[in-house]
1. Only residues that are open to solvent by 20 Å² or more (accessible area, probe 1.4 Å) and in a strand (DSSP E or B): list them for segment B:359-383, please.
2. Which of the residues belonging to segment B:30-50 are open to solvent by 30 Å² or more (accessible area, probe 1.4 Å) and in contact (Cβ under 8 Å) with a residue 24 or more places away in the chain?
3. Among the residues that make up segment A:271-283, is at least one of them of a type in the set (Val, Ile, Thr) and surrounded by fewer than 16 Cβ atoms within 10 Å (Cβ to Cβ)?
4. Based on what the data block shows, is B:Asn295 modelled with pLDDT under 90 and outside the structural domain of B:Ser117 (by TED's automatic domain parsing)?
5. So how many residues does segment B:459-488 have that are open to solvent by 30 Å² or more (accessible area, probe 1.4 Å) and either on the phi > 0 side of the Ramachandran plot or touching a helix residue (DSSP H, G or I) at 6+ places or on another chain (Cβ under 8 Å) (or both)?
6. State the number of residues belonging to segment A:79-96 that are modelled with pLDDT under 95, within 14 Å of chain B (Cβ to nearest Cβ) and open to solvent by 50 Å² or more (accessible area, probe 1.4 Å).
7. So for segment A:205-219 (the condition being among the polar types (S, T, N, Q), assigned to a loop (DSSP other than H, G, I, E, B), open to solvent by 50 Å² or more (accessible area, probe 1.4 Å) and more than 14 Å from chain B (Cβ to nearest Cβ)), does at least one residue qualify?
Amino acid sequence: MSMSRNFIFAISVFVVSIQMVHAQLPSLLLLSDDSLYRQSNALVLATGEARLGSNSLDISFMKKMVLGGHIDKQQISDLYSAMGNQNRAGYQAAGELSFYNFRDTLFPDPTWGLKATLGTNYHGAASFNPTLFSTIFQGNQSFAGDTIDLGPFSLQTQSWQKFGLGIFNKKTLSGITLSLVEGQSFQSLIVQQADMHTSNTGDTITLAPAGDYWRSDTTRSGWANGSGVGVALDLDYNLPLQNDMGMISISVRDLGFVKWNDASEQYALNHKAVWTGLDVNPWLQNHGDTLSKPNVEDSLVTDRRQGAFVAPLPLGVHLRYMKRFGRNNYYEAGWSIWPNRAAVPQVYAGVSHSFSNHFMMSGRLSLGGYTRWGLGAEVQWMPCGTWIVRAGTNAIGGLIFDAAHGRDGYVSIGRSF
Amino acid sequence: MRNCRLLIVFVCVLSFALAGCKREEPTTWDSSVLVPLAHGRLTLDNIIVDSLLSADESGLWNLRFNRDLADFNLDSIVNVRDTVVNLECNLPISGSFNPGFVVPVDFGEEIHLNVPSVQLKHAVLKSGRLEYTLISSVNGDLICNFEIPGLKKNGQPELFVVSTNLGSSAAPYTTGGSIDLSGYSLDLTGASGTTFNRIATNFNILVDPLAPNPAQVIAGDNVIMQLHFVHPDLTYADGYFGEHHYNLNEQFEVGENFNLPSGVLNLDGAQMHVDVRNAVGIDAQMHFTNLSGVNASGNALMLNHGPLYVPLNISRAVRSGDQVVANTYAYELNASNSNLDAFMEFLPKTLNVAADVVLNPMGNITDGNDFIFTADALEASVSLDVPLRLGMHDLAFADTLEITADALEEVFNGDLVLWAKSDFPCEAKCDLFLIDGSDSRSIVENATLHAASLTSAMGQTAAAESFIHLPIDTDIITRWNANHRLVIRVTLNTLSQTDVVGIYDHFGIDFKLIANGDYQIHIGE
């Protein structure tokens, strides 16, 4: 009974504090010689992952943007001078609770079982050029007399919750899950071009964007608020190699869409806005009047449409290949893609050493995604034979050095009954 | 089991580590901005109160100033004081009188109004109250009818009908009431119709027809009507108002609506009108003895215009029914008949006016037919019209503003750049500084707004551009937020002190205010 309370506490704390699900199942579940959990009635697995990265912004900068603090000029200048033509930044966070039913048989084939999942997801990605960064963080003073192009630029954020039911193979844990998606919020700003001109004297700033801005119902907020509804498919295909020599895993996450409700808005940003300062003439002529700020948003937008629209979920596809070498070692290679405007495909390679049937450590080198490269480490552990714990990161440097370009971490905790 | 405890410890440590990741301060950075803040066009009528400024046909601005010189307060002549009168009605015979019987009385009283210095024949009241108290010593129920034929409203004489109950000499019966006198007219010629300040009255008494018993009257019993006129105020009066002498001695600020400048000013074409208007049926004589100004330095200068200082005989107004034809008299002062230009260039801060006024200087020559409508009586006013054709030398305006706005939370280091394009043919130098007691911090000194050059005599100018840099730093923002006072000093100069230039209504200053410096951006507060 005491153990049960601890377990519930642990799971509760985990679900509210961990932000993200690692994309794939813990490999120890598939590679360990101890497959006792498969003979149990059920497996409850909670997983989480948080990922923040950029190929141009460092952790110090991103930390200050998220947690607060003053960003000094030198830091901004250093980042700007090291930027490429087009830069990316993104975050992804989620938490998922999965229930695998090993006891009941779904079909005449006893190897298939039912699973249920509950998860919450947050994703954001931005793609920007150095000029936009410089204009925002260094100002427009150095562009006096020039016309600069702030585009192309994209910023997309999305959050959603999933309530899924699926089937899985009790031997390989391969499976498919169909989820009802509850859309929480969505924003998409895509600007192909945005010419900004600052006059020599600074008396006029002209901005001529060409792009679109879509957003979901802003009157609703909070978890599962009903701003949108959709479906998503998650697939796992795990193929153990012969003679326990390793495995191949393919995972597809969030293949689906959300239909955002009728209160959603779509703006076309295609109007040139000229800013010459507040017009104080009405105030000068009628001394009692108050000055009111013009609405810059209205100046930029020429077409606003309110209504429902459909937007895809941020899809992720992951491939993993692990092969044993020696008695207790594996080498590993993998590939992940997130087909959005910011992220680039990520490849990784690594080695793992299994200290026992219940403990494995891994090291990985990854390249791509939202960040540059990262040296990662992972620990997998099956305490008491009925628990599974996994913790790792794809960027050890991000946990230690503020100059790193990415920080992430993932944790899985599960127990079989 | 040990492993399971380690697991729980692991989860707890992880949870606490993640719980520490929350925003505790805003994200800030300094951005070097070059941003327009405001723009507009400043014209003279934005600065000077509209009622003081008007443009003539050519568009030349004229500064116009009107002021009543004196309040002669003529309604005080016909001021009726609070008046209390006791009208006694004696009952000369004794007897027991049945209900409905008209009791013989001995009564012939008039109301004497307390108006000491005038002889009023007629008046109309705009406010006031008449309180009455009836005191009866008669042992019977009476109905007393007290009429004032000379007090009418809508043509109807005022009649007080007062019922009494049993009274006695030792314990008379007393009752009372009041009426609002607004709109009442008074005939003050008395019962004879030829006197003044008197109002005729009538009194009759009968035993109440509904009384249960006869009234027991003893010769010598009396009924007294006590009247109290409370704060009677007239709107019209006629009669003879008497001969009155006034000494007028008024002083008022010229620059009530704007701060008068210091420095040298050269004006051209100023005009002043002194107007006297008499709407009262009284002859008068007015004699101005002083019209002078005192400038900011305390020096005085008299306005010289010979006719103004000659006694002026003012004829009475003529009345036909309710229509009054007033008599008006005007003095026009200009550069050719007075020292008006010099007087205005002297920049008087205070104007002193002194005059002797005599009403009815020749006595009662109309046999008591003076009249007055108190709302429109004897007035004297001055109007000043100064065409803004100016020559200026270090003409300085200064003002101190209390800073009471919400605190500025912005952090800015750099310049506020004021770009100005002026049509005015005068140069302006501006000083701005913040003060707190003896502590002073200059924002800008001698910032120059260049003068436009004249291209025609009709006020066409070639505008001049100026850039004024106002350096702003954290010290200035701190002082601003500490409720210092902002002192603005503007000094104006025309190209020539002696050659005047016109200021036209199409003149203005186009301006743009631009921020050029490091602005601290805050997000996530």
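1. B:Phe373, B:Asp376, B:Glu379, B:Ser381, B:Ser383 - these are the residues of segment B:359-383 that are open to solvent by 20 Å² or more (accessible area, probe 1.4 Å) and in a strand (DSSP E or B).
2. Here is the first cut: in segment B:30-50, the ones open to solvent by 30 Å² or more (accessible area, probe 1.4 Å) are B:30, B:35, B:37, B:39, B:41-42, B:45, B:47-50.
Result: B:Asp30, B:Val35, B:Leu37, B:His39, B:Arg41, B:Leu42, B:Asp45, B:Ile48, B:Val49.
3. First, pick out the residues of segment A:271-283 that are of a type in the set (Val, Ile, Thr): A:274, A:276, A:280.
Next cut, surrounded by fewer than 16 Cβ atoms within 10 Å (Cβ to Cβ) only: A:274.
Yes.
4. Judged against the criteria, B:Asn295 is a match.
5. Adding up the residues that qualify gives 1.
6. 1
7. Residues of segment A:205-219 among the polar types (S, T, N, Q): A:206, A:216, A:218-219.
Of the ones still in play, those that are also assigned to a loop (DSSP other than H, G, I, E, B) are A:216, A:218-219.
Retained after the next criterion (residues that are open to solvent by 50 Å² or more (accessible area, probe 1.4 Å)): A:218-219.
Now restrict to residues that are more than 14 Å from chain B (Cβ to nearest Cβ): A:218-219.
There is at least one residue in segment A:205-219 that is among the polar types (S, T, N, Q), assigned to a loop (DSSP other than H, G, I, E, B), open to solvent by 50 Å² or more (accessible area, probe 1.4 Å) and more than 14 Å from chain B (Cβ to nearest Cβ).
So that you can scan it fast, the table gives a plain yes or no per residue for (1) open to solvent by less than 40 Å² (accessible area, probe 1.4 Å); (2) of a type outside the set (D, E, K, R):
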{"position": "B:Lys429", "(1), (2)": "no, no"}
{"position": "B:Ile435", "(1), (2)": "yes, yes"}
{"position": "B:Ser440", "(1), (2)": "no, yes"}
{"position": "B:Asn446", "(1), (2)": "no, yes"}
{"position": "B:Ala452", "(1), (2)": "yes, yes"}
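The values are calculated or read from the model by the stated rules, or taken from the named source; none is laboratory data. Please read these numbers as outputs of a predicted model, since none were measured by experiment. Note that we place each Cβ from the backbone using ideal geometry, even for glycine, and neighbour counts take in every protein chain shown. For accessibility, only protein heavy atoms count, side chains too; no ligands or nucleic acids. Shrake-Rupley method; radii C 1.70, N 1.55, O 1.52, S 1.80 Å.
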